[in-house]
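Take a look at the structure below.
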Amino acid sequence: MAKEAESKQVPSSESPKTSMESTTIQHGAGMGEMQEFACGHWTYDDGKLEAYRPSVMRGLDKASGQYLDLSPCNLEADPTSGKGGKIVLAYTQLPDKIEVLGPTTTMHTFKLSKANYSEGRCYKARTRQCLHIEPSSNQEWSSTYSTTTTKITKTYKRPPQVGSAISTEYIKVLEENKAERKSAIKDNGLGLSDQFMEFVEIYQGQYLDDQIKNSPEYVAWKERFVRPGHGTCSQYEIEKLITNKKVLPSIHNTRIICVKSGDFLLENKQP
């Protein structure tokens, strides 16, 4: 984001370049050395924290005492005349503003489920085998966080636009979160490791710790286990393959289908 702020008047828009020395090139008996001047308007590049303007080569006409344009005003370089192509000026960085917010205490409950099914004797049957949906395996836990946020506001002053005495500012706000975490498991049906649960909390945006979020371990875990909407099945249904009501269901004419999946792969228990 940017906001306007007052600044001092910049040098004339037709001043020679200062980023490098001009190349002295004679251009006729009545013409002095050629110099590169800024021309046109500033273009702001916030990503590089710098601004640039096109340039033009000019020579001093000794008879009139005036500078004459000897090249177009553009961003193209011309090594033969010493034209660099553009005049670059870095933004002016102002002192950082640092704020420490917190600590704040929050709590969140998490639950992951894995659907289960089995094959066994059909209801009221002697030998016929059927598919049965079993209770899900669950992992449920709660975590409490004490989070401190360091907010760093970086402000950079752009050069005023040509013809204006007012400069604008480019402001970038950085936040760094550090949190202490305490967890309590309510249901350990999936046997997940503390690290797996910790990373789930990071992924879901509840555990705000940038050091862990940017760690190689978390990045590798995310690549291996996170599958939004395509993770381990959390709800099964039994689908009948034969619609004839006279045909009794069995493992030969029914099948298990997954109707709901989680966001994580949970088949392999974590060490």
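The values are calculated or read from the model by the stated rules, or taken from the named source; none is laboratory data. Computed from a predicted model, the values in this text were never measured in an experiment. Here Cβ is always computed from backbone atoms with ideal geometry, including for glycine, and neighbour counts include all displayed protein chains. When the accessible area is computed, the model is the full protein with side chains, heavy atoms only, and any ligands, DNA or RNA have been set aside. Shrake-Rupley method; radii C 1.70, N 1.55, O 1.52, S 1.80 Å.
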Among the residues that make up region 220-232, is at least one of them at pLDDT 95 or above, in contact with a strand residue (DSSP E or B) (Cβ under 8 Å, 6 or more places away or on another chain), surrounded by fewer than 18 Cβ atoms within 10 Å (Cβ to Cβ) and not in a loop (DSSP other than H, G, I, E, B)?
yes
Among the listed residues Ala179, Ala165, which satisfies the condition of being closer than 30 Å to Pro95 by Cα, among the aliphatic types (A, V, I, L, M) and at pLDDT below 95?
Ala165
Scope region 185-219; condition part of a helix (DSSP H, G or I), buried (at least 18 other Cβ atoms within 10 Å of the Cβ) and acidic (Asp, Glu); matching residues
Glu198, Glu201
Does region 120-143 contain at least one residue that is of a type in the set (D, E, K, R) and surrounded by 14 or more Cβ atoms within 10 Å (Cβ to Cβ)?
yes
Quick one: which residue in Pro103, Pro95, Pro54 is within 38 Å of the chain's Cα centre (by Cα) and open to solvent by less than 60 Å² (accessible area, probe 1.4 Å)?
Pro54
Do any residues in region 240-253 that are surrounded by 10 or more Cβ atoms within 10 Å (Cβ to Cβ) have Cβ atoms under 7 Å from those of residues that are among the polar types (S, T, N, Q) and part of a loop (DSSP other than H, G, I, E, B), where the two are at least six apart or on different chains, and which pairs are they?
Lys240/Asn253; Leu241/Asn253; Ile242/Asn253; Val247/Asn253
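Return the total of residues in region 113-149 being in contact with a strand residue (DSSP E or B) (Cβ under 9 Å, 6 or more places away or on another chain) and farther than 30 Å from Ser193 by Cα.
Restricting attention to region 113-149, the residues satisfying the condition of being in contact with a strand residue (DSSP E or B) (Cβ under 9 Å, 6 or more places away or on another chain) are 113-123, 127-149.
Still in the running and farther than 30 Å from Ser193 by Cα: 120-123, 127-131.
Final tally of qualifying residues: 9.
Could you please find all residues in region 65-109 being of a type in the set (A, V, I, L, M) and in a strand (DSSP E or B)? Break it down into steps so the answer makes sense when it comes.
Keep residues of region 65-109 that are of a type in the set (A, V, I, L, M), which gives 68, 70, 75, 77, 87-90, 94, 98, 100-101, 107.
Across region 65-109, the qualifying residues are Leu68, Ile87, Val88, Leu89, Ala90, Ile98, Val100, Leu101, Met107.
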Among the residues of region 254-268, which ones are open to solvent by less than 70 Å² (accessible area, probe 1.4 Å) and either basic (Lys, Arg) or outside any strand (DSSP E or B) (or both)?
Gly262, Asp263, Leu265, Leu266
Name, by its number, the condition in (1) over 28 Å from the mean Cα position of the chain (by Cα); (2) surrounded by 14 or more Cβ atoms within 10 Å (Cβ to Cβ); (3) of a type in the set (Gly, Ala, Ser); (4) more than 30 Å from His252 (Cα to Cα) that does not hold for Ala165.
(2)
For Tyr236, indicate whether it is in contact (Cβ under 8 Å) with a residue 60 or more places away in the chain and open to solvent by less than 80 Å² (accessible area, probe 1.4 Å).
yes
